[in-house]
Each structure stands twice: as structure tokens, then as C-alpha cells.
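Below is one structure, written out as C-alpha cells; comments come after it.
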Amino acid sequence: QVQLVESGGGLVQPGGSLRLSCAASGGIFRFYTMGWSRQAPGKQRELVAHITGDGSLNYADSVKGRFTISRDNAKDTVYLQMNSLKPEDTAVYYCKLTIATLSYWGQGTQVTVSS
């Protein structure tokens, strides 16, 4: 059974940094797309970034130049390095694994950017 476990969220001041991690278990995932989405209160969930099995990257315009997604296939883990954080980045961040037409989600980790 596929499981995704996120970690690394927390409270940070504007301009600060956080690194999120998502560890996948229950299979071999190096060939599949993994990524991060976020959902702020009262808003729809939105894509933040994803990385394909061959390493292609995609970022939301709002995070380009500030966030970096990467993966360690040996550990079946995807990371999201978030720099220059802004209050509008406050949200629950969810890890996502896509295998063909199936999507798997983690439980989410809260990121709060506030002074």
C-alpha cells in the first residue's frame, strides 16, 4: 500500500526558509511524478511544484525563483526547499504521487509564515 509521509513544516518569519520532505513507501517510485500542492484557508488546492521520473521540473509562477523541488530516488523521497518565504505562502502543503491515472496524497504539513 502506497504511503506518503511529509515532514518539515512549521512557523517561520517572512524572508525565512523551510525544507519539506516527503517519504514514499509501498513501492518503487523513481519512474513517477512526485510533487507538492498547497491549500490555504478558504482557497482551492493549487500546484506548487512537481518533478517527473526523468527529472523534468514544473513550478507555479508564484514560487519560481524561491522554491526548489528535488528528489532522492534511493530514498524514495521528494524535497521542497522554500526560501524567501512570504505570508501568502501560508498553507497546508501536501505531497502528491502520480502513477498513471492514480493520485496519492500525504496527510499534509502546515507552513505558517508570520512575524
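The values are calculated or read from the model by the stated rules, or taken from the named source; none is laboratory data. Not measured: the values here are computed from a predicted model. All Cβ positions, even for glycine, are placed from backbone atoms using ideal geometry, and neighbour counts span all protein chains on display. Please note that ligands, DNA and RNA were not included when accessible areas were found on the heavy atoms of the full protein model with its side chains. Shrake-Rupley method; radii C 1.70, N 1.55, O 1.52, S 1.80 Å.
General observations
- Backbone N within the range 34-56 under 18 Å of label point (7 Å from GLN81 Cα along the Cβ vector): 35-36, 49-52, 55-56
- Modelled spin-label separation between PHE31 and ILE99, with each label point placed 7 Å from Cα along the Cα-to-Cβ direction: 1.1 nm.
- Close amide H pairs (under 5 Å, H built 1.01 Å from N) link ILE99 with TYR104, residues at least 5 positions away or on another chain.
- The chain - percent of accessible surface contributed by carbon and sulfur, probe 1.4 Å: 48 percent
- Global form of the range 67-113, assessed from the alpha-carbon gyration tensor, a/c cut-off 1.5: oblate
- Working from Cα pairs under 8 Å separated by at least six residues, relative contact order for the chain is 36 percent.
- Largest first, the residues GLU6, GLU46 sort by 1.4 Å accessible area into GLU46, GLU6.
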